[in-house]
Each structure stands twice: as structure tokens, then as C-alpha cells.
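Colleague: Input: one structure, supplied below.
What follows draws every value from the coordinates through simple rules; no lab data is involved. All values reported here derive from a predicted model rather than from experimental measurement. All Cβ positions, glycine included, derive from the backbone under ideal geometry; neighbour counts span all protein chains shown.
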């Protein structure tokens, strides 16, 4: 019998695809959302074959303002028990030289769609007295990010929003967790223009499966924040004890060095 339904955005590859494997193995039916329908259907068919769960593939561009409502309208009778807001992307480069349309898309996917989907599905979870929301942020959200200014800022929003929501829903039966991975081997590098960056060739870089498992277990255990990996924990802690004005300078130097 199904454990429930897990809705996972950005599920066509990387951490999102690994989340799909974990929730299918736990007996959840899946709603998989991304822009690549063929890839979603391939993943869903494999998980149905392996675990006997139902998988619905939804082709959707979350940079479209109407996308969250379109998705909710497709699931009028389906209770979403776990919402995994994993979709997101970044771009490297100076803000003054950035493509305004790309900036708007990034904010739409990383912030607006995440917020809207959470608002659409959380009330029913609260009414049932159970459910979970797992928002994927980044260690980038702990610091200002020169040369990736908007991306870092969007992840700071995700961290702040999730921690606040977790406190609001404390005692409701709905768990809320923010996952803050560091550099992870996924398709993110290609999308963000970082495929040749030395950052992703450093020792200690985590793989998508390990990151997804950390987030999955963190939500199951009711943890508000998960920062997987010792190096990532250091990255999250160091800015708290560093001079505020020094942090963006250091981040900029690291960006220039690694990218």
C-alpha cells in the first residue's frame, strides 16, 4: 500500500532524481515535475517497475508564474504528503552584465515557485495534521555571493523562509526542513556555466545520492536544517565568526579562483 504521495520538483536529474528513488523505495507514489518529460517518464517507469509505486510525470517550466497553480489544478484529488522543492539554478557572472530575463527566471524558479507551491499544499497538510516540506537551498545561502549575487541571495531566502515556516508549523504535525548542500556533482555545473570550474574537482565534493539521502533522513527525523558533509558545515559556520565586511571579499576571491 502507498505510504502517501511525494511531489518532487526538478526531478529529471541530480538530487531531484535521487529524491525520487528514495521516496519510491519508501513506498510513496510520486509526482515528478521538470521540463524534460521524456526523462521524467523514464525515471517514473523504472521506479514503478522496481517498487510498484505510481508515478505521474508533469512537464512544467517553473519560471512561468502560472506554473504552480497549473500543477495544483492537475492534482485536485491527490493529497500531497511530502513536497520537495528541489528545482533551482544559478548563473556565474557580474550582476551588471547579466541577462535580465535570466535573472527573472532564476528568481521565479528559486523563490517564487517554491513559495507558491508551499502555500498551495501546506494548508491541506496542516488540516490533516501530518506532512512534510523539504526545501533545497545551498551553503551559498549563508554568505553574500559576488559574481553569483542573485543565486546566493535566492538561497538565503530559502533558508530564512524555511526556518520561519518550521517555527510557525511547530506542533502542527507538519515537518519542514531546509537542505543546504555545498558543491555537488550534478547537471548544475553545466546549467550555471561552471562545467570547467575547479570548485567541482576539489576533494570532498559530495554526490547527488548522498546529498538527497541526508535531506530525506533530515526531514524524516524532524530536523529544521541539514548541512551534509563536514566541509559544508564549516562553510556554513565560518561566516558567523568572521568580520561582516570581509566575507563578501573572500567569497569573491574564491569565485574568481574556482571559476
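Colleague: Normalised by the number of residues in the stretch 4-258, what is the relative contact order in percent for Cα pairs under 8 Å and 6+ residues apart?
Modeller: 19 percent
Colleague: If one puts a single equal scatterer on every Cα of the stretch 1-138 and applies the Debye formula without solvent, what log₁₀ I(q)/I(0) results at q = 0.12, 0.16, 0.19 Å⁻¹?
Modeller: -0.46, -0.79, -1.07
Colleague: Running a GNM on the chain with Cα contacts under 10 Å, which residue among 234, 62, 147 ends up with the highest mean-square fluctuation?
Modeller: 234
Colleague: Of the candidates 137, 116, 212, which one comes out as most mobile in a Gaussian network treatment of the chain with C-alpha springs shorter than 10 Å?
Modeller: Top of the fluctuation ranking is 116.
Colleague: Work out, step by step, the length gained on full extension between residue 253 and residue 50: first 0.36 nm times the residue separation, then minus their alpha carbon distance; give nm to one decimal.
Modeller: Length difference between fully extended and current span is 68.4 nm.
Colleague: Based on the Cβ-Cβ distance from residue 75 to residue 233, what FRET efficiency comes out when R0 is 25 Å, to the nearest 0.05?
Modeller: Efficiency for this residue pair is about 0.10.
Colleague: Report, in degrees rounded to the nearest 10, the 0 to 90 angle that the Cα long axis of helix 14-25 makes with the longest principal axis of the chain.
Modeller: Approximately 30 degrees, to the nearest ten.
Colleague: Continuing with this model, one more query. Put a dot 7 Å past each Cα toward the Cβ at residue 220 and residue 37; how far apart are the dots in nm?
Modeller: 3.4 nm
Colleague: What angle, in degrees between 0 and 90 and rounded to the nearest 10, separates the Cα long axis of helix 114-128 from the longest principal axis of the Cα atoms of the chain?
Modeller: Around 40 degrees separate the two axes.
Colleague: When N counts the residues of the stretch 4-258, how does its alpha-carbon radius of gyration compare numerically with 2.2 N^0.38 Å, as a ratio?
Modeller: 0.98
Colleague: What angle, in degrees between 0 and 90 and rounded to the nearest 10, separates the Cα long axis of helix 37-51 from the longest principal axis of the Cα atoms of the chain?
Modeller: Between the helix axis and the principal axis of the chain, the angle is about 60 degrees.
Colleague: Something else about it: Note the full-extension length gain between residue 64 and residue 168 as 0.36 nm times their separation in residues minus their Cα-Cα distance, in nm to one decimal.
Modeller: My answer for the length gained is 34.6 nm.
Colleague: Related question: Given a Förster distance of 22 angstrom, what is the FRET efficiency for residue 213 paired with residue 157, based on the Cβ-Cβ distance and rounded to 0.05?
Modeller: 0.30
Colleague: Among 183, 239, 230, which one shows the highest mean-square fluctuation when the chain is modelled as a Gaussian network with alpha-carbon springs under 10 Å?
Modeller: Looking only at 183, 239, 230, the largest GNM fluctuation is found for 230.
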